[in-house]
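One structure is given below, encoded as structure tokens.
The values are calculated or read from the model by the stated rules, or taken from the named source; none is laboratory data. Not measured: the values here are computed from a predicted model. Using ideal geometry, Cβ is built from the backbone for each residue, glycine included, and neighbour counts are taken over all protein chains shown.
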Amino acid sequence: MLARDAVGVLGVALAFGLALLVLVYVIGPISGCHVNPAVTLGLLLCRKIEPRHAFGYVAAQCVGAIVAAGTVWLLADAGPFGYSPGLEGLGANGYGVHSPGGFGLGGVFLVEVLLTALLVGTVLGATDVRAPFGFAGLAIGLVLVLCNLISIPLDGTSVNPARSLGPAVFVGSWALGQLWLFILAPAIGAGLAAAVYLGLQPGSQVSASTAEAELPQESLTRIARETARLIRGGVE
């Protein structure tokens, strides 16, 4: 893609990671910064979000990805030489002959599962009530940079089914034909991350308020309430 050729793999990786870092702090307090169906699935499996909310998030993510890809196409097409998504790919993810490095289905599938598990696991851990408050965005943004540095040469990096869907809609043909991998592999990775996260929980040692935590700001509210209760107890 033109952007990748102009700024290199490092530039693209930093752009993705820094954009997510900013979004975590800007829209995190509003919606929890759900911009990835794999992350939403991980939170759903860990019971940190209700199914009815999860479906709404995923629908919004997919619509947003399609609109974003269309916007990129329009911007690229406004250049002096025009732009054809079908010919130039629009950053669509692919394997085999459509992999930047010529990697096959098996290798791409494996890397998408593992990197998505890393990303979702970081989100779950960094937003846990016991994690240091205020650093979630930094951890999540940096892990996305890492994911992109590893897999851009392999498949253009997905770890996000919505990110893969957007360009595929405009590229069509091969991109839509290979889209299944970039939906299934991230979903498996999200499930793996959720299983590990739940397996590492201390079980009965976790208080009810901690187990019910859904978003970082809710955890902070509970901490404030507990602190106030302890202060009142000390005064009495």
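Listing for the model above:
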| read-out | value |
| --- | --- |
| Scan of the range 19-42 for residues that are in a helix (DSSP H, G or I), among the hydrophobic types (A, V, I, L, M, F, W, C) and within 13 Å of the chain's Cα centre (by Cα), ordered by number | ALA19, LEU20, LEU21, LEU23, VAL24, ALA38, VAL39, LEU41 |
| Flag if ALA59 is surrounded by fewer than 19 Cβ atoms within 10 Å (Cβ to Cβ), closer than 22 Å to VAL171 by Cβ and of a type in the set (A, V, I, L, M, F, W, C) | yes |
| Near pairs, Cβ below 7 angstrom, 6+ apart or cross-chain, from the range 150-167 (surrounded by fewer than 24 Cβ atoms within 10 Å (Cβ to Cβ) and modelled with pLDDT of 95 or more) to any residue that is among the small types (Gly, Ala, Ser) and part of a helix (DSSP H, G or I) | ILE152/ALA13; LEU154/GLY107 |
| Any hit, the range 43-50, residues being touching a residue at least 12 places away in the same chain (Cβ under 8 Å), closer than 22 Å to LEU20 by Cβ and part of a helix (DSSP H, G or I) | yes |
| Residue that is modelled with pLDDT of 95 or more and exposed (fewer than 15 other Cβ atoms within 10 Å of the Cβ), where the choices are GLY177, GLY141 | GLY177 |
| Filter result for ILE66 (touching a Cys at 6+ places or on another chain (Cβ under 9 Å) and surrounded by fewer than 21 Cβ atoms within 10 Å (Cβ to Cβ)) | no |
| Selection within the range 130-162 - under 17 Å from CYS33 (Cβ atoms), more than 10 Å from the chain's Cα centre (by Cα) and not in a helix (DSSP H, G or I) | ALA131, PHE133, GLY134, PHE135 |
| Lone qualifier among VAL97, VAL108 - being over 15 Å from VAL12 (Cβ atoms), without any contact (Cβ under 8 Å) to a residue 24 or more places away in the chain and in a helix (DSSP H, G or I) | VAL97 |
| Qualifying position, being at pLDDT 95 or above and of a type in the set (Gly, Ala, Ser), among GLY91, GLY82, GLY86, GLY107 | GLY107 |
| Test: residue in the range 104-116 that is closer than 19 Å to GLY17 by Cβ and among the small types (Gly, Ala, Ser) | no |
| Residue count, the range 61-78 (criterion: β-branched (Val, Ile, Thr) and in contact with a helix residue (DSSP H, G or I) (Cβ under 6 Å, 6 or more places away or on another chain)) | 1 |
